[in-house]
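**Student:** Below you'll find the structure I mean.
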Amino acid sequence: MTETTVRERVFSGIQPSGASHLGNYLGAQVNYVALQDQYEAIYGIVDYHALTSVHEGEQMRRLTHEMVLDLLAVGLDPDHCALIRQSDLPEHAELAWIFNTCVPVSWVERTPTYKEKRDEGVENSMGLLDYPVLQAADIVIYKASRVPIGKDQAAHLELSREIVRAFNRRYGPIFPEPQAVFTDAPVVLGTDGVRKMSKSAGNTIPIFADPDEIRRIVQKMVTDPQRIKRTDPGRPEVCNVCQLHRFFGEDYLQIQDGERTARTGCVETKELLAERIIERFRPMRVRREELAADPGHVERVLAAGAAKVRPILEATMREVREATGIGRPAGTTS
Ligand code: TYM
C-alpha cells in the first residue's frame, strides 16, 4: 500500500447492555482487534441502542464504562482505532431519522432479531422496531465499507444495504453498501445449549467474570440431553460444550471423540473447558484491572475517539443535508 492510498473504513457497534460474553468475543471482538491495524477502524458503544433494554441512568453509565474497559482489555488500542460513545455524536440519531423516511415499515417488522427480542420479553417499543435503521446510520455515517459482526447480525447488515440503496435511489449515490466481516465462529449458543448466547436471554458466559463464577456457569451448561448415564455415548455435534472446545485448543477433535465413545464424561469436559476459558482471558483480565485503576482513562479514550471521528461524520452530514434540502443552505450564515 502506498502512503497516498486511502484505507477502507471499518465500523462496528456493541451495546452496553451487560458484560461482554463468549458470543461477543468469538463472533465479533476477535475481528475488531484483527482489523484495527489493517483499516481505519471505528468502534462504537451504542448506548442509544441499549436504551431499548437498559432503563436506568446510573446503570447505563456504569455499563458503558465497563464496555470500554472490556474492549480495551481484549486488545483495542486507541492509537490504532477510534472508540466512541454513540450518544456523544447525536448525528447518528439524526441520520437514522432521515433513513426512517426512506424505510417501509414492513422491512423492519420482518427482521428476525426484532421478533426474537420481542418474544424474549424485551419491551416492544418503537426503538426496538427501529433498531436496525439506527444501526445502518451508525455504519454509513462514516461511509464504512466493512462491518465486523457475529453471524446473528447478518440480516441487520442486509437491511443496512437495502436502506442505503433506498436512500441512494432517492437522493443520489452518497453512501457505499457496507459488507459484513465474519469470524469462523457460528452463532454461539448459550449455556442452555439451545438459544443464541445473549445478554437478554440470560444464558451467557461473561469473559471477565471471576474464575470461580466461570467454573460455576460452565458446570451448569446443558450438554447432549440424550446422554443420561456416564456410560452413554455422547453426540458432540449437539453438545455445546464440545462445540465450544473448538475455540480453546487444537485437541478439540480428541475431546469430541472422548464424548462420542463415552471415554470421558460431561463433567470432565466441562471442567476442562472452564479452565481453558479462564486461561485464555487471564492476561486480558489482568490488563482490564490495570486500566480500571485509572478512573479518568475511559472518558479520555472516548473524548479522543469522538474528536477523531467528528470531521468524518460532519462531512457526511453536510452532503446529506445538501441532498435532502434540510438545514441551513450551504454558504449562508446565521
Ligand atoms: P450486541 O451488543 O448485541 O452484540 C455485539 C456483537 O457481538 C456479536 N454477538 C454474537 N456473535 C456470535 N454469537 C453470539 N451468540 C453473539 N451475540 C452477540 C454480535 O453479532 C455483534 O457483532 N446490533 C449490534 C449493535 C450495533 C452494530 C451497529 C453492529 C449497533 N450499531 C453498527 C455493527 C454496526 C449488536 O448486535 O450488538
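The values are calculated or read from the model by the stated rules, or taken from the named source; none is laboratory data. Here the structure is a predicted model, which means the values were calculated and not measured. Methodologically, a virtual Cβ is constructed for each residue, glycine included, from the backbone with ideal geometry; neighbour enumeration extends over all protein chains shown. Remember, those area values only see protein heavy atoms, side chains included, never the ligands or the DNA or RNA. Shrake-Rupley method; radii C 1.70, N 1.55, O 1.52, S 1.80 Å.
**Student:** What tally of residues in the stretch 143-182 results from selecting those that are within 10 Å of the ligand (Cβ to nearest atom), crowded, with 19+ Cβ neighbours inside 10 Å and part of a loop (DSSP other than H, G, I, E, B)?
**Tutor:** So the answer is 4.
**Student:** Any chance you could count how many residues in the stretch 183-209 are in contact with a helix residue (DSSP H, G or I) (Cβ under 8 Å, 6 or more places away or on another chain) and either open to solvent by 50 Å² or more (accessible area, probe 1.4 Å) or of a type in the set (Lys, Arg) (or both)?
**Tutor:** Step one: list which residues in the stretch 183-209 are in contact with a helix residue (DSSP H, G or I) (Cβ under 8 Å, 6 or more places away or on another chain), which gives 183, 185-191, 193, 196-198, 200-201, 204-209.
Next, only the ones that are either open to solvent by 50 Å² or more (accessible area, probe 1.4 Å) or of a type in the set (Lys, Arg) (or both) stay: 186-187, 189, 196, 200.
Of the residues in the stretch 183-209, 5 are in contact with a helix residue (DSSP H, G or I) (Cβ under 8 Å, 6 or more places away or on another chain) and either open to solvent by 50 Å² or more (accessible area, probe 1.4 Å) or of a type in the set (Lys, Arg) (or both).
**Student:** Another question, if that's okay. For THR113, all conditions in the list (1) modelled with pLDDT of 95 or more; (2) of a type outside the set (Phe, Trp, Tyr); (3) within 14 Å of the chain's Cα centre (by Cα) hold save one; what is the number of the exception?
**Tutor:** Unmet condition: (1).
**Student:** Another question, then. Could you say which residue among ARG276, ARG260, ARG230, ARG282 is touching a Gly at 6+ places or on another chain (Cβ under 8 Å), among the charged types (D, E, K, R), loosely packed, with under 15 Cβ neighbours inside 10 Å and not assigned by TED's automatic domain parsing to the domain that holds ILE174?
**Tutor:** Numbers: ARG276 fails: loosely packed, with under 15 Cβ neighbours inside 10 Å; ARG260 fails: loosely packed, with under 15 Cβ neighbours inside 10 Å; ARG282 fails: touching a Gly at 6+ places or on another chain (Cβ under 8 Å).
After applying the criteria, what remains is ARG230.
**Student:** Hey, could you check the stretch 1-33 for residues that are free of Cβ contacts under 8 Å to residues at least 24 places away in the same chain and of a type in the set (A, V, I, L, M) and say which is most open to solvent (accessible area, probe 1.4 Å)?
**Tutor:** From the stretch 1-33, those free of Cβ contacts under 8 Å to residues at least 24 places away in the same chain are 1-6; that's our starting set.
Filter once more, so that each one left must be of a type in the set (A, V, I, L, M): 1, 6.
Working: MET1: 169, VAL6: 123 Å².
By that ranking, first place goes to MET1.
**Student:** Residue check, HIS245 against (1) farther than 25 Å from PHE208 by Cβ; (2) at pLDDT 95 or above; (3) open to solvent by less than 70 Å² (accessible area, probe 1.4 Å), all met but one. Which one?
**Tutor:** It is condition (1) that HIS245 fails.
**Student:** A further question follows. What helices (runs of 4 or more DSSP H), lying completely within the stretch 216-334, carry at least 1 residues that are within 30 Å of PRO186 (Cβ to Cβ)? Steps first, answer last, please.
**Tutor:** Numbers: elements: 240-245, 252-260, 266-292, 297-324.
By residue number, 240-245, 252-260, 266-292.
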